[in-house]
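The values are calculated or read from the model by the stated rules, or taken from the named source; none is laboratory data. All values derive from a computational prediction rather than experimental measurement. Note: ideal-geometry Cβ built from the backbone for every residue, glycine included; neighbour counts use all protein chains shown.
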C-alpha cells in the first residue's frame with residue numbers, strides 16, 4: 001500500500017518548527033486565545049473498558065489483522081473482539097484498537113476539528129494538555145473559506161511533537177483520502193486516515209484510521225493503529241527537521257541505504273510498551289475532546 005506524496009508533503013518545514021518553544025500545558029500567551037475557557041490542566045480519566053484492556057495486557061494475535069484488511073473490517077456493522085486493546089502480529093506490526101463513546105457528537109464535528117487543530121499549538125493542547133507540545137501544518141489552508149473541513153486536512157501534513165507514554169515523539173501525520181485505503185464514504189460517518197511518519201527522518205512508522213459513526217445518543221469513534229508498519233518515503237530534505245542524519249536520508253543514496261537498514265533499525269524506534277502507550281494516549285485525548293467538542297464546534301464553526 002504505497003503512499004502518494006501531496007503538495008503539502010513537498011512543502012518546506014514550517015518556520016515555527018525551529019523557532020517555537022516546546023512546553024506542556026499553557027503559558028500566558030495561550031490564555032489570551034478566544035478558546036482559553038476550554039483549557040484544562042489534564043485530561044479526564046480513560047473509560048472503564050480501556051482500563052480493563054490496559055490491565056489485561058496483550059490480546060491474542062488472532063484478534064488482530066493487518067492494514068490490508070482494515071477497510072473491510074472497520075466498515076462492517078457491529079463490533080470486533082479488539083475494539084479496545086492491542087496485539088502484536090506475526091509480521092511484527094502492533095495493532096491497537098480504541099473505542100470512544102461520544103454522546104452529543106457528530107462526524108461533522110470531527111472533520112471540522114481535524115481541519116482546525118494543527119493551525120496553532122494551543123489548539124492542539126486543548127486535546128491533550130499533559131502530552132501535546134507543538135503543532136503546525138504543511139499547508140495552512142484556514143484562510144481559504146471556500147474549502148470544506150475535509151479539504152483542509154486531507155492531503156495535508158500535521159507536524160506534532162507529543163508524548164506517547166513517557167517518550168517524546170516528533171511526528172508528521174500525513175492525512176490521506178480514505179478511498180486510498182479502500183474505505184468508501186457512508187452517510188452520517190467519517191473516516192480519518194493517515195500515514196504516520198517521523199518529522200526528523202523520511203521514515204514511516206505506522207498507519208491510523210479513526211472511524212466516527214452515529215449512535216442513538218451521538219457518535220462513537222473506533223480507532224485503529226497499525227504501528228511498526230515501516231517504510232522510507234521519497235520526501236524532500238526541506239520538509240524534514242534540519243538534522244544532518246534526517247536530511248541525508250532523504251537523498252537518493254540515503255533512501256537506498258535506509259530501505260536496507262530499516263528492517264534492522266525499526267525495532268529500536270518502537271518501545272516495548274508501544275501497544276499500551278498508544279492505547280492509553282488515544283483513549284485519553286479522544287475522551288477529553290469528546291467532552292466539550294459540541295460546545296467548541298458551536299462557538300467557533302465558520303471561523304478560521
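Regarding segment 189-206, can at least one residue be identified that is out of contact with any helix residue (DSSP H, G or I) (no Cβ under 8 Å at 6 or more places or on another chain) and more than 24 Å from residue 274 (Cβ to Cβ)?
Our first condition is that a residue be out of contact with any helix residue (DSSP H, G or I) (no Cβ under 8 Å at 6 or more places or on another chain); within segment 189-206, this holds for 194-197, 204, 206.
If we keep only those that are more than 24 Å from residue 274 (Cβ to Cβ) as well, we get none.
Within segment 189-206 (the criterion being out of contact with any helix residue (DSSP H, G or I) (no Cβ under 8 Å at 6 or more places or on another chain) and more than 24 Å from residue 274 (Cβ to Cβ)), the answer is no, since none of the residues qualifies.
Can you find even one residue in segment 57-70 that is exposed (fewer than 12 other Cβ atoms within 10 Å of the Cβ), at pLDDT 95 or above and either in contact with a helix residue (DSSP H, G or I) (Cβ under 9 Å, 6 or more places away or on another chain) or under 23 Å from residue 131 (Cα atoms) (or both)?
Yes.
Just the residues that are assigned to a helix (DSSP H, G or I), out of contact with any strand residue (DSSP E or B) (no Cβ under 7 Å at 6 or more places or on another chain) and crowded, with 16+ Cβ neighbours inside 10 Å, please, taken from segment 282-299.
Across segment 282-299, the qualifying residues are 284, 285, 288, 289, 293, 294, 296, 297.
Pairs needed: first member in segment 21-48, at positive phi and modelled with pLDDT of 95 or more; second member anywhere, part of a helix (DSSP H, G or I) and surrounded by 12 or more Cβ atoms within 10 Å (Cβ to Cβ); C-beta distance under 9 Å; at least 6 residues apart or different chains.
These pairs meet every condition: 25/125.
Just checking, does segment 100-109 include any residue being over 12 Å from residue 293 (Cβ atoms), touching a strand residue (DSSP E or B) at 6+ places or on another chain (Cβ under 9 Å) and modelled with pLDDT under 95?
No, segment 100-109 has no match at all.
Kindly evaluate residue 279 against the criterion of being touching a residue at least 12 places away in the same chain (Cβ under 8 Å) and either over 22 Å from the mean Cα position of the chain (by Cα) or surrounded by 15 or more Cβ atoms within 10 Å (Cβ to Cβ) (or both). Reasoning before the result, please.
Details: touching a residue at least 12 places away in the same chain (Cβ under 8 Å): yes; either over 22 Å from the mean Cα position of the chain (by Cα) or surrounded by 15 or more Cβ atoms within 10 Å (Cβ to Cβ) (or both): yes.
Yes; evaluated as a whole, the condition is true for this residue.
For the condition surrounded by 17 or more Cβ atoms within 10 Å (Cβ to Cβ), in contact with a helix residue (DSSP H, G or I) (Cβ under 6 Å, 6 or more places away or on another chain), in contact (Cβ under 8 Å) with a residue 12 or more places away in the chain and within 29 Å of residue 223 (Cβ to Cβ), what is the one hit in 274, 249, 240? Explain how you work it out, then say what you get.
Working: 274 fails: in contact with a helix residue (DSSP H, G or I) (Cβ under 6 Å, 6 or more places away or on another chain); 249 fails: within 29 Å of residue 223 (Cβ to Cβ).
Going through 274, 249, 240 in turn, just one is surrounded by 17 or more Cβ atoms within 10 Å (Cβ to Cβ), in contact with a helix residue (DSSP H, G or I) (Cβ under 6 Å, 6 or more places away or on another chain), in contact (Cβ under 8 Å) with a residue 12 or more places away in the chain and within 29 Å of residue 223 (Cβ to Cβ): 240.
Which of the residues that make up segment 106-117 are under 22 Å from residue 160 (Cβ atoms) and either touching a helix residue (DSSP H, G or I) at 6+ places or on another chain (Cβ under 6 Å) or not in a helix (DSSP H, G or I) (or both)?
The answer is 109, 111, 112, 114, 115, 116, 117.
Could you tell me how many of the residues in segment 142-160 are in contact with a helix residue (DSSP H, G or I) (Cβ under 9 Å, 6 or more places away or on another chain) and either within 15 Å of residue 177 (Cβ to Cβ) or modelled with pLDDT of 95 or more (or both)?
Qualifying residue count for the region: 12.
Just give me the residues in segment 84-112 being surrounded by fewer than 16 Cβ atoms within 10 Å (Cβ to Cβ) and within 17 Å of residue 50 (Cβ to Cβ), in sequence order.
103 - this is the single residue of segment 84-112 that is surrounded by fewer than 16 Cβ atoms within 10 Å (Cβ to Cβ) and within 17 Å of residue 50 (Cβ to Cβ).
One line per residue, one yes/no per condition, for (1) closer than 28 Å to residue 260 by Cα; (2) in contact with a strand residue (DSSP E or B) (Cβ under 8 Å, 6 or more places away or on another chain); (3) touching a residue at least 60 places away in the same chain (Cβ under 8 Å):
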site	(1), (2), (3)
152	no, no, no
170	yes, yes, yes
181	yes, yes, yes
195	yes, yes, yes
203	yes, yes, yes
212	no, yes, yes
233	yes, yes, yes
